[in-house]
1. Can you tell which of 270, 259, 255 is surrounded by 10 or more Cβ atoms within 10 Å (Cβ to Cβ) and either hydroxyl-bearing (Ser, Thr, Tyr) or touching a Gly at 6+ places or on another chain (Cβ under 7 Å) (or both)?
2. Output the residues belonging to the stretch 128-170 that are at pLDDT 90 or above and β-branched (Val, Ile, Thr).
3. Would you point out which residue out of 101, 112, 57, 76 is farther than 26 Å from residue 141 by Cα and modelled with pLDDT of 85 or more?
4. Does residue 124 meet the test of being in contact (Cβ under 8 Å) with a residue 60 or more places away in the chain, closer than 22 Å to residue 76 by Cα and either surrounded by 11 or more Cβ atoms within 10 Å (Cβ to Cβ) or not charged (D, E, K, R) (or both)?
5. Between a residue in the stretch 151-174 that is over 16 Å from residue 255 (Cα atoms) and in the same structural domain as residue 233 (by TED's automatic domain parsing) and any residue that is basic (Lys, Arg) and part of a strand (DSSP E or B), which pairs come within a Cβ distance under 9 Å, given they are 6 or more apart or on different chains?
6. Would you check which residues across the stretch 72-121 are in contact with a Ser or Thr (Cβ under 6 Å, 6 or more places away or on another chain), among the small types (Gly, Ala, Ser) and farther than 17 Å from residue 285 by Cα and list them?
7. For the stretch 127-170, which residues satisfy the criterion of being of a type in the set (D, E, K, R) and within 20 Å of residue 78 (Cα to Cα)?
Amino acid sequence: MSNVQNATITLYGSQDTVYLYTTEGALNDNQKSANEQLGVCPEWDVNTLFSIDFNTYLAAGNIGDDTATIDGWSIYRQKGGEQTFLELVAVDGDKRSFTDYSVVNNTPYRYYIYPSIGGTLSSPMETDPITTDFDCWTLFLVNPTDDDNVFLLSKAYDFKLNFEPPTITNNTGANVITTFSRYQRVRKNTVNCMSGSLASLLGYYDPSAIKPEDPKSSAYVETADTLDEIFALSANIEHRKFLRDLQGRLMEVEITGAITAQQQNYNGHIVSSGQVNWTEIADASNVIILDKG
């Protein structure tokens, strides 16, 4: 048993303690053998009663006893080799998953998950570096939260199937003025925002849709409601919209102009391809988009 008071730990009764020690210089064979017998240091999880981590800083956590209830989780993110942490979100204690959509492609992220018991944060669970490798543009429809620049995902559209490479412009204009000299004068505006169009098939891929008894069945799925849903994006004013490109650049955008589509019949299957025009309307470099699970 243990008693924690004013950062002092008192042990009494029968106690088995696993410890790790270090010395200056290289370990000798006996020290290596003793160290190996200790095994891998267990990670902090929801069943841990007490944990101390001296790897990079002094950190200890105590969740009391087996009846302790985790009130919530505070989740932080560390990007690449950066030294600072970004506070992502706080979720209820009964949550066991969340999804972070605002990441840059091919970049390692490490997450620190702090349990809260009685309003006190305990030692965090630390993930291994996680690297994404998404291969499509994604349009996010989101809802705001009480926190600035933090949004919850409502809907995501992946432009992936039969995707046509988009042409992007930064919309910087120039006015060329003829003068009385041999040179013309050029005046530029200050606009430097992205815009373009995305074109792909409007359905989605579902291997379970293939029915062995039906030779005409296909993994490509498109229903009568698909086109209506895509067309509704052009009139949508209830959600803010963010677009993530292949590199993970996140832009706040708005749908501009009409959405066009073409329908064709392939072996009894209706296949629609559509084009969505968009324009960047605000900086989104500090935006966080989450799905709390």
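1. Matching residue, one of 270, 259, 255: 259.
2. Residues satisfying the conditions are 130, 131, 138, 142, 145, 150, 168, 169.
3. Result: 112 is the single residue among 101, 112, 57, 76 that is farther than 26 Å from residue 141 by Cα and modelled with pLDDT of 85 or more.
4. Working: in contact (Cβ under 8 Å) with a residue 60 or more places away in the chain: yes; closer than 22 Å to residue 76 by Cα: yes; either surrounded by 11 or more Cβ atoms within 10 Å (Cβ to Cβ) or not charged (D, E, K, R) (or both): yes.
Judged against the criteria, residue 124 is a match.
5. Here the result reads 151/240; 172/188; 173/188; 174/187; 174/188, each pair linking the stretch 151-174 to a residue that is basic (Lys, Arg) and part of a strand (DSSP E or B).
6. Within the stretch 72-121, 72, 90 qualify.
7. Hits for the stretch 127-170 are 128, 133, 147, 148.
The values are calculated or read from the model by the stated rules, or taken from the named source; none is laboratory data. Fair warning: this is a prediction, and the values are worked out from it, not measured in the lab. Cβ atoms come from the backbone with ideal geometry, glycine included; neighbour counts cover every protein chain shown.
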